[in-house]
Amino acid sequence: MIQFEKFTLENGLTVIIHEDHSTPMVAVNITYKVGSKDEDPDKTGFAHLFEHLMFGGSIHIRDFDKVMQDAGGENNAFTNADLTSFYDIVPAENLETVLWLESDRMMQLNFSDKVLKTQKKVVIEEFKETCLNEPYGDMWHHLSEIAYKDHPYQWPTIGKDIQHIADASLDQVELFFNNFYKPGNAILALAGHITTDQAKALVLEWFGDIPKGETIKKPLPCEPKHTAHTKKEVKSQVPHEAIFLAYNMGDRLSKEYYICDLISDLLANGRSSRFYKRLYKEKQYFSTIDAFISGSIDPGLFIIEGKLMPGVSIDQARESILEELELLKTEPIPASELQKLKNSVESSLTFSEISVLNKAISLAYFEALGDANLINEEANRYQEITASDIMQTAQSIFSLENCNELIYYKADEANNISK
């Protein structure tokens, strides 16, 4: 059980404090409730761009990394479809330096043509390296496009089109910041070697006078139930032909999410998993095969991806996967196998709670979901899953009409395949 105290400043900033005196460090996480799903369809990639811009200096601080290093700390950030998270870890005696850094960039970034030009160049290079020049790097672009028709998950976090970042203007960027990066749209979590009273005083000192501002969010459309199989075939310079099957599934707080997470482990987590034993070792159809869930807050995807061995056809590969999914629908998972899965998940959750940095990030994340105390309910949600739950969920989501299929053909072997 992770104990914490939560309160809200007058400007709307939600603050969570967890004491852990087993370490001399303090971790700080600021999660802004903005991700790629909050972007305009013709201005995508802005949330990810801001992950980089937030390190470009603020009104009083020109070099975040140098200040952090001088304080003996480390910092980083990540962006996804739902959230943007900035995290720091520092010796407890230097916590105030981190709060100064984070409050200053929440107050006002250093907006300039020079900073924007520099960070746009970084993001554009990342787009080229990870999406355009990497084999299968554009997978999320293709898969998101066919799996979502209405919801803005239909483009990946890095952006729909590289030109959207190239065309981003200083006015557009400043407008995006002023709307989303405000206290009322943020969660600040502290975990580590500090008392709650000390943390409260420091947070109030450094964040209490930041103007509340106003965050305007457009209501997001609900993705309608999928009633038809969608398929896209791509010709590309890839080392192996590949198949991706994505099934639409429930949101992060649904019971279906936890069931699908267990199913993905059952199919593809480790050498004892079904895909590894049957499709990789026995049939030798795949050079690699995996199953995972997208982990998004709104209804997400259960994804199966396989890179084919030479001589194996796409039809053979697809049929072998579907046979395994059919077994889930018709044969109850043995009690011992189910309990092994649950134990593995619980061990992972317990291990993740050792690190104060993980705890700070997780507390902020679950608060963004609706309640930080959800962190203490995760293990029970997995333990409550039954063999019947797994069978019923498999029957519900692993259907042809709920399947979004992406096929990669090698460019020199494909015939009449459109990109």
Points 7 angstrom from Cα along the Cβ direction at Asn76 and Ala228: gap in nanometres?
-> 4.3 nm
The ³J(HN,Hα) series, computed from each phi in segment 396-410 with the Karplus coefficients 6.51, -1.76 and 1.60 at θ = phi - 60°, rounded to the nearest Hz and given as x for glycine or proline, is 6, 9, 8, 10, 4, 6, 9, 9, 10, 10, 10, 10, 9, 9, 5
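To the nearest 20 debye, what charge dipole does segment 152-252 have about its Cα centre, counting +1 at the Cβ of each Lys and Arg and -1 at the Cβ of each Asp and Glu?
440 debye
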Cα-based Rg of the chain per 2.2 N^0.38 Å, rounded to two decimals?
-> 1.05
Amide H of Lys232: which non-local residues (sequence gap of 5 or more, or other chain) have their own amide H closer than 5 Å, using H built in the peptide plane?
-> Glu405, Leu406, Ile407
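With both partners inside the chain, how many of the DSSP beta bridges are antiparallel, as a percent to the nearest 5?
The antiparallel fraction comes to roughly 80 percent.
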Give, as ranges by residue number, the residues of segment 60-94 whose backbone N falls under 20 Å from the point 7 Å along Cα→Cβ of Thr195.
-> 91-94
Inter-probe distance in nm under a simple model that places probes 7 Å from Cα toward Cβ, at Lys340 and Gln395 | 2.6 nm
Which order results if Lys117, Lys200 are arranged by neighbouring Cβ count within 10 Å, fewest first?
-> Lys117, Lys200
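Using only the Cα atoms of segment 1-88, what semi-axes does the equivalent ellipsoid have when each is the square root of 5 times a gyration tensor eigenvalue? Give whole Å, largest first.
Three semi-axes, in Å: 26, 20, 12.
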Kirkwood hydrodynamic radius (Cα pairs, Å) of segment 5-207?
-> 17.9 Å
Relative to the longest principal axis of the C-alpha atoms of the chain, give the angle of the C-alpha long axis of helix 170-180, reported between 0 and 90° and rounded to the nearest 10°.
-> 90 degrees
With each run of n ≥ 4 DSSP H residues scored as -39500 (n - 2.57), what mean residue ellipticity at 222 nm is computed for the chain after dividing by its residue count and rounding to the nearest 500 deg cm²/dmol?
-> -11500 deg cm²/dmol
Using the structure shown, list the pairs from Lys6/Lys212; Lys149/Lys255; Lys281/Lys342; Lys232/Lys340; Lys149/Lys410; Lys160/Lys359 with a Cα-Cα distance above 26 Å, or answer none.
-> Lys232/Lys340; Lys149/Lys410; Lys160/Lys359
Reachable aspartates and glutamates from Lys120, criterion Cα separation under 15 angstrom, eight or more residues apart if same chain = Glu51, Glu129, Asp161, Asp167, Asp171, Glu174
Inter-part gap, Cα centre of segment 329-393 to Cα centre of segment 233-263, in whole angstrom, is 19 Å
Taking neighbour Cβ counts within 10 Å as the exposure measure, how do Arg271, Arg62, Arg318, Arg252 sort from fewest upward?
-> Arg271, Arg62, Arg318, Arg252
Sort Val312, Val345 so the one with the fewest other Cβ atoms within 10 Å of its own Cβ comes first.
-> Val312, Val345
Residue by residue, what Karplus-based ³J(HN,Hα) values in Hz, rounded to whole numbers, does segment 253-267 have, using 6.51, -1.76 and 1.60 with θ = phi - 60° and x for Gly and Pro?
-> 9, 7, 4, 4, 4, 5, 5, 5, 4, 5, 4, 5, 5, 4, 7
So how strong a dipole does segment 311-418 carry about its Cα centre when Lys and Arg Cβ are +1 and Asp and Glu Cβ are -1, to the nearest 20 debye?
-> 280 debye
Quick P(r) readout (segment 230-410; Cα-Cα; 10 Å bins; whole %) gives 9, 34, 34, 19, 4, 0
Computed over the chain: longest principal axis from alpha-carbon atoms vs helix 95-107 long axis, angle to nearest 10 degrees, is 80 degrees
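Let's see if you can work this out: charge +1 on each Lys and Arg Cβ, -1 on each Asp and Glu Cβ, no other charges. What is the dipole magnitude of the chain about its Cα centre, in debye to the nearest 20?
760 debye
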Pop out the ³J(HN,Hα) list for segment 239-248 in order, Karplus 6.51 cos²θ - 1.76 cosθ + 1.60 with θ = phi - 60°, rounded to Hz; leave Gly and Pro as x.
-> x, 9, 5, 9, 10, 10, 10, 10, 10, 5
Put +1 on the Cβ of each Lys and Arg and -1 on the Cβ of each Asp and Glu in the chain; which of His229, Val15, Leu357 then has its Cα farthest toward the positive end of the dipole?
-> His229
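Readers should treat all values here as calculations from the given coordinates under stated rules, not as data from a laboratory. These figures come from a predicted structure and were not determined experimentally. Cβ sites come from the backbone with ideal geometry, for glycine too, and all protein chains shown count toward neighbours.
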